[in-house]
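Student: Just passing along the structure, written as structure tokens.
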Amino acid sequence: MRYIPLTDDDRRAMLETIGVESVDDLFQDVPAAFRYPELQLPKPMTEMEIMRELDMIAAENANLREFASFLGAGAYNHFVPAIVDTIISRGEFYTAYTPYQPEISQGTLQAAFEYQSMVAALTGMEVVNASHYDGATAVAEAAIMAVNIQRHKRRTIVVSPTLHPQYREVLRTYVQGMDMKIIGDETHDNDFHALIDLADDDTALVIVQNPDFLGQLHTPQEMQDLADAVHAKGALLAVSTDPIALGLFKPPGQYGADIVTAEGQSLGNSLSFGGPYLGIFAFRMKHVRKSSGRLVGETVDAEGKRGYVLTLSTREQHIRREKATSNICSNQALNALAAAVYLAAMGKHGLRKVAELSWHKAHYAAQEIDKLADYQVIQDKPFFKEFVVQCPRPVAEINQYLLEEYGIIGGYDLSQDYPHLGHAMLLCVTEMNTREEIDDLVTALSEAARPPILLNLEAAS
Amino acid sequence: MKFDDYIYDLSSPGRTGVDLPEPDVPPTPIPEEFLREDLPLPELSLPQVTRHYLRLSQKNYAVDKGFYPLGSCTMKYNPKVNEWAVRLPGFANIHPLQHPHTVQGAMGLMYELQEMIGEIAGFDAVSLQPAAGAHGELTGVLIMRAAQLARGETQRHKVLVPDSAHGTNPASTSMAGFTAVEIPSDKDGNVHIEALKAALDDEVIGIMITNPNTLGLFESNIVEVCELVHEAGGLVYGDGANLNAIVGIVRPGDLGIDVMHFNLHKTFSTPHGGGGPGSGPVGVTAELAPFLPGPIVALNEAEDAYIWHYPEKSIGRIKSFYGNFGVMVRAYAYIKMHGAEGLRRVSETAVLNANYLQARLLQMGDYPVPYGHRFCKHETVAQGKIAGAEDVRTLDIAKRLIDYDFHPPTIYFPLIVHEALMIEPTETEDKETIDAFLDALDKIADEARENPDLLHEAPHHAPVRRLDEVRAARHPILIRLPSAKAASER
Amino acid sequence: MTLKYDPNVKYAKTDEWARVEGDLVVVGISDYAQDQLSDIVYVELPEVGAQVSAGDVVGTVESVKAAADLMTPVSGEIVEVNEALDDSPELLNEDPYGAWIFKVKPSDLAELDDLMTAAEYEAYNATREH
């Protein structure tokens, strides 16, 4: 038992101190009828054995180091500098817990404070919390916060149909017991005017995404007009955004957003099959008392030296219990640390460059694909790094061809979430995609369009 | 470079920590109207970034550094092989929306983890989606809500919560739209049975119960509690925060618990990350299985392939994608390395360590142990009430422990114990360390009587002295950005 | 340090005091309450104009580690709040009977009869756990 240091002698001495014969005596208050079940689990493995097994399991997955990928839709393959993993692998960071004792947690606390500051700079907002679970749960927390800000007098949330479908689903799951109404995404009319028309004196919050789920960018002026209209109706505006896009584009804080949320995975966190990710949550200072999640604040120690503490904790469950602004306790601290290291390393110039590279490559890809006779890129609005392509046949079939013939992981199939778009694929291009990969994609798409292709989905495995 | 530099203080115009290639495609102009004027991020070189964060790390206490007996948090050793595993490209670099055929390894791992933790705790179905314990609680209470509504029990709106419960229990109850009703504990630290009976009626959704509870005690009436709640038409939620005491000892599902969350970051050794990420899977009985959040992994036996399955009456998705997969990989490796026998050994040792600690505290006599007449489970709750040192408080004792190079226990929780010191040694500590910790507590008791100011002013040997939390809360400074003027002066 | 009791106010069991000034009732928290909370860092003030009933939660008083509900001891309309507490919540610690929190235009002054006198409140506090 390599993780358990007690020797047999230790055990004997300890049992003697306790005054019992055996460890069994310590479990006499466990109902005898159920004590010591025979667990049906695989037999124990040594480290050598588990490494071999995990190596094999990992090898069964098609990973993005080996396969070119054009998949985005809320999880993005951006460059992660090696420094990020070096720092988050420090035992001092990853084997600590919530900084309840600030005197011996200044590393975690200062890093979190710096994360809050850098993300505030990025989003143009006044306060950023220490993290929520992911981009989806951050949206749900925004809705709950807005209702609290409105003192529960307004209980309707208007959501844009181009807010990430999973975020809308999570929002509905979260508030199903809260006597709140979620409207706005029943239609696919992706028009701010429609959303504004829906907002009334019961509307607490309007939530939109920019760049939206389909990759499209709304101009800062459109966003400002939306914010003004929403505010005129007495409601608040939340914007779900892409932090990489903010390396280049005007941030929501500069066009009137009251709450800004984002999936922060792109900032230095690996794809990891969907998690752990990072829920970015930013808002205006005047709403801080109604906000959820941990906050780190600057203060001084007994000798006047600068230091950091968890603050405004009376909002939280461990103090306010049933009246807390949220039940969140553990958050995504290490992912926030990764984001902080990423932002510090990338800095002002690096992040802008990542966004520019994504822009240029995505636009090159869109232009080349649009030249194909059988494909059409939807371009009624500018886009950032994702765009919708209408395809000549079901996306699943095309993606299978891409994977089998070219080792390319194709785009996201929109037919489930947006059936009115037909055979539509959401493609994502980042700085990680080379021109060669993009050219291969174009060739592969071109070939995949040509019938007949004999496809057998079941044989693919 | 000074030790205490703030990240923006290190910034100088023109520096960068990452060089990126020039575009290999013809550029497309970016419309001016979209562009931001300024991006006020710091400008640092890579050596600066490295030193800054390395120095910050050195100001932290951590399990890898020393004893971290933070009660209710199970700060056990985190196996390094798990960190190796999650960085394998086949785990770290797979996209959640890839076709299932291309991620059968990952889905198989999730499936096996669902099966293993279901087996360990006695549940028929498991969802791995919740991201943390509190997230699992919300999921569990929503499942109870959905199940009661499906039974036609629309009038139920109260959730019973023992007074010893974590704050997350009543907070999760509120988020699900219900009212928390507090149930007192009896003199032995169990749920007060008569109070429970009095509270049970047809408005009760169910009870949330932590077992072992936050006093570190096994609810010896647990079977009766479950029966009473079930008879009243309620459901029993198990808060699995303290599962580390009973793996291989007893299965919550066998005792009558209907739904429970696991804390993979406690029981199954995944690191706490400075506050997260955790993972809070939820296990349920067969009756509640259709309500689990989806998708979960199912095995299509005909095709011998893992598929995504959305339970038919699901409460819905509680998180994007499938949960904190990286945490699942670590828990999987931990369970596979231990097997049934090893896991039982873990719990037995965690309980042995805690009882040894409690027995020695009782012998020392300086720190009252209010439930010391019972054997504890994974943790013991003492009080920072030292006879002859009445103006010394638990907070002072905790801060003085820092000077002895220990992380303090959880303090002032559970709320029902005055001046609580909640101590959880876990199974990965050796006897010498526990002895040294007890010796420190012994010396601190002497110091408290002889020189209380030594405690009031502690810690003396930490990177900072006691911090002014009142100032931080009265006039919150939550971000610090360089002013435009300061930036231009650089 | 002994706690102060003001003979000119009436006390609620929830530790608010009430004092009649003209046709208004002025409300604050007792010296006992501020002592129990220790350093007060934030006061969530009631909404001016709100119609309230005796016993309603109208705000909160917070220290670093605790949050106490603020209840109105009398029914009526909230007509004024002490905005100085926004910037200086510590006034409640420094001068609990000088630093009022809100003023009510009472609908039923008889409700004051249900409150405790200073002597009664002092005796009541003696029975509470410290």
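No lab work stands behind these numbers, since they all come straight from the coordinates. Since this is a predicted model, take the numbers as computed values, not measurements. Note: ideal-geometry Cβ built from the backbone for every residue, glycine included; neighbour counts use all protein chains shown.
Student: Provide the net charge surrounding residue B:364, with neighbours chosen by a C-beta distance below 13 Å and charges set as Lys +1, Arg +1, Asp -1, Glu -1.
Tutor: Once all neighbours under 13 Å are counted, the net charge is -3.
Student: Let me ask something else. Under 5 Å between amide H atoms, partner at least 5 residues away or on a different chain: which partners does residue C:71 have, H built in plane at 1.01 Å?
Tutor: C:58
Student: Using θ = phi - 60° and the Karplus relation 6.51 cos²θ - 1.76 cosθ + 1.60, list the HN-Hα couplings for the range B:223-234 in order, rounded to whole Hz, with x at every Gly or Pro.
Tutor: 3J(HN,Hα) across the range B:223-234, in whole Hz: 5, 5, 4, 4, 5, 4, 5, 5, 4, 7, x, x.
Student: For a quick check: with amide H placed at 1.01 Å from N, whose amide H comes under 5 Å from residue A:184's, ignoring anything fewer than 5 positions away on the same chain?
Tutor: A:159
Student: If I take R0 = 30 Å and measure r between the Cβ atoms of residue B:304 and residue B:124 in this structure, what FRET efficiency does the formula 1/(1 + (r/R0)^6) give, to the nearest 0.05?
Tutor: 0.85
Student: I've got another one for you. Where does each of C:28-36, A:371-379 land if you order them by average Cβ count within 10 Å, highest first?
Tutor: The peptides rank, most packed first, as C:28-36, A:371-379.
Student: Continuing with this model, one more query. Name the residue farthest towards the positive end of the dipole of chain B from the options B:60, B:154, B:178, assuming +1 on Cβ of Lys and Arg, -1 on Cβ of Asp and Glu, about the Cα centre.
Tutor: B:60
Student: Which Cα, out of A:138, A:100, A:213, lies furthest along the positive dipole direction of the range A:83-342 (beta carbon charges, K/R +1, D/E -1)?
Tutor: A:100
Student: If you don't mind, there's one more thing I want to ask. Please pull out the direction-averaged projected area of the range A:1-91, using the convex hull of its alpha-carbon atoms, in nm² to one decimal place.
Tutor: 12.2 nm²
Student: When the helices in chain B are scored as -39500 (n - 2.57) per DSSP H run of 4 or longer and the sum is shared across all residues, what 222 nm value do you end up with, to the nearest 500 deg cm²/dmol?
Tutor: -11000 deg cm²/dmol
Student: Explain nothing, just compute: Karplus ³J(HN,Hα) = 6.51 cos²θ - 1.76 cosθ + 1.60, θ = phi - 60°, for every residue of the range A:68-77 in order, whole Hz, x for Gly and Pro.
Tutor: So the Karplus estimates, Gly and Pro as x, are 5, 10, 10, 9, x, 6, x, 9, 10, 8 Hz.
Student: Quick check for me: using +1 on Lys/Arg Cβ and -1 on Asp/Glu Cβ, what's the dipole size of the range A:83-342 about its Cα centre, in debye to the nearest 20?
Tutor: 880 debye
Student: Tell me the relative contact order for chain B as a rounded percent, counting alpha carbon contacts under 8 Å between residues six or more apart.
Tutor: Here the relative contact order equals 18 percent.
Student: Starting from the Cα-Cα distance between residue C:50 and residue C:38, subtract it from 0.36 nm times their residue separation and give me the gain in nm to one decimal.
Tutor: 1.4 nm is the gain from fully extending residue C:50 to residue C:38.
Student: When DSSP assigns beta bridges and you keep just the ones with both residues in the range A:83-342, what percent turn out antiparallel, to the nearest 5?
Tutor: Taking every DSSP beta bridge within the range A:83-342, about 45 percent pair in antiparallel fashion.
Student: Follow-up. Quick one: go through the range B:182-203 and flag any residue whose amide nitrogen is under 18 Å from the point 7 Å out along the Cα-to-Cβ line of residue B:155.
Tutor: Answer for the range B:182-203: B:198-203.
Student: Further, regarding this structure: Hey, rough spin-label estimate for residue B:439 and residue C:69, points 7 angstrom out along Cα→Cβ, what's it come to in nanometres?
Tutor: 5.1 nm
Student: Oh, and also: Sorted from largest down, what three extents in whole angstroms do the Cα atoms of the protein assembly as shown have along their principal axes?
Tutor: Sorted largest first, the three principal extents are 91, 76, 66 Å.
Student: While we're looking at this one, here's another question. Using mean Cβ contacts within 10 Å as the protection proxy, how do B:63-72, A:172-181, A:239-248 order, highest first?
Tutor: A:239-248, B:63-72, A:172-181
Student: Nearest 0.05, what FRET efficiency do residue B:364 and residue B:81 give at R0 = 41 Å with Cβ-Cβ as r?
Tutor: In this case the efficiency is close to 0.60.
Student: So how strong a dipole does the protein assembly as shown carry about its Cα centre when Lys and Arg Cβ are +1 and Asp and Glu Cβ are -1, to the nearest 20 debye?
Tutor: 1360 debye
Student: A further question follows. Which of the peptides B:313-322, C:114-123, C:41-50 is most tightly packed, and how do the rest follow, judged by the mean count of other Cβ atoms within 10 Å per residue?
Tutor: Packing order, densest peptide first, comes out as B:313-322, C:41-50, C:114-123.
Student: Another question about this same structure. Per residue of B:9-19, count partner chain C-beta atoms within 10 Å of its C-beta, then hand back the mean as an integer.
Tutor: 4
Student: I've got another one for you. List the lysines whose Cα lies under 25 Å from the Cα of residue A:348, skipping any in the same chain that are fewer than 8 positions away.
Tutor: Hits, sequence-local ones excluded: A:250, A:361, A:385, B:2, B:485.
Student: Provide the percentage of antiparallel DSSP beta bridges, counting only those with both residues in the protein assembly as shown; round to the nearest 5.
Tutor: 70 percent
Student: Could you give me D for chain B, from Stokes-Einstein at 4 °C and 1.567 mPa s, where the hydrodynamic radius is the Kirkwood radius over C-alpha pairs? Units µm² s⁻¹, please.
Tutor: Translational diffusion coefficient: 52 µm²/s.
Student: Further, regarding this structure: Could you tell me which of rounded, prolate or oblate describes chain A, using a ≥ b ≥ c as the square roots of the eigenvalues of the alpha-carbon gyration tensor, with rounded for a/c under 1.5 and, failing that, prolate when a/b is larger than b/c and oblate otherwise?
Tutor: It comes out oblate by the Cα gyration axes.
Student: Hey, another quick one. How big is the dipole moment of the range C:10-107 about its Cα centre under a simple scheme where the beta carbon of each Lys and Arg is +1, that of each Asp and Glu is -1, and everything else is neutral? Debye, nearest 20, please.
Tutor: Charge dipole of the range C:10-107: 440 debye, to the nearest 20.
Student: Within the range A:116-139, whose backbone N sits under 17 Å from a point 7 Å along Cα→Cβ of residue A:231?
Tutor: Inside the label zone: A:124-127.
Student: Taking 8 Å as the Cα distance limit and 6 or more residues as the minimum spacing, I'd like the relative contact order of the range A:318-426 as a percentage.
Tutor: Relative contact order of the range A:318-426: 17 percent.
Student: Something else now. Taking every DSSP beta bridge that has both residues in chain B, what percent is antiparallel when rounded to the nearest 5?
Tutor: So the antiparallel bridges in chain B amount to around 55 percent.
Student: Additional query: Using Cα positions and a limit of under 14 Å, work out the aspartates and glutamates in reach of residue B:197, with same-chain residues fewer than 8 apart set aside.
Tutor: Filter leaves B:182, B:186, B:224, B:227, B:231.
Student: State the answer as a single residue: which of C:89, B:230, B:214 lies farthest towards the positive end of the charge dipole of the protein assembly as shown, with beta carbon charges of +1 for Lys and Arg and -1 for Asp and Glu, about the Cα centre.
Tutor: Toward the positive end, the furthest listed residue is C:89.
Student: Which far-off residues, 5 or more places away or on another chain, put their amide H under 5 Å from the one on residue A:260, with H placed in the peptide plane?
Tutor: Hits under the 5 Å cutoff: A:239, A:282, A:283.
Student: Between residue A:371 and residue B:32, take the C-beta separation as r, use R0 = 25 Å, and let me know the FRET efficiency to the nearest 0.05.
Tutor: Efficiency for this residue pair is about 0.40.
Student: Please tell me which of these pairs span more than 22 angstrom C-alpha to C-alpha: A:305/B:59; A:43/B:319; B:266/B:336; A:290/B:266?
Tutor: From A:305/B:59; A:43/B:319; B:266/B:336; A:290/B:266, over 22 Å: A:43/B:319; A:290/B:266.
Student: Let me ask something else about it. Report, as an integer, the average count of C-beta atoms from other chains found within 10 Å of each Cβ along C:111-117.
Tutor: Counting Cβ atoms of other protein chains within 10 Å of each residue's Cβ and averaging gives 0.
Student: Modelled label-to-label distance, residue C:120 and residue A:189, 7 Å Cα→beta-carbon offset: nm?
Tutor: A separation of 6.3 nm, rounded to one decimal place.
Student: Which parts of the range C:15-41 would a label at residue C:94 reach, counting a residue when its backbone N lies under 19 Å from a point 7 Å out along Cα-to-Cβ?
Tutor: From the range C:15-41, the list is C:28-41.
Student: A further question on this structure: What average count of beta carbons from other chains do you get within 10 Å of the Cβ of residues in A:6-18?
Tutor: Mean partner shielding for this stretch: 5.
Student: Relative contact order for the range B:7-57: what is it in percent, counting Cα pairs under 8 Å that are at least 6 residues apart?
Tutor: Value for the range B:7-57: 61 percent.
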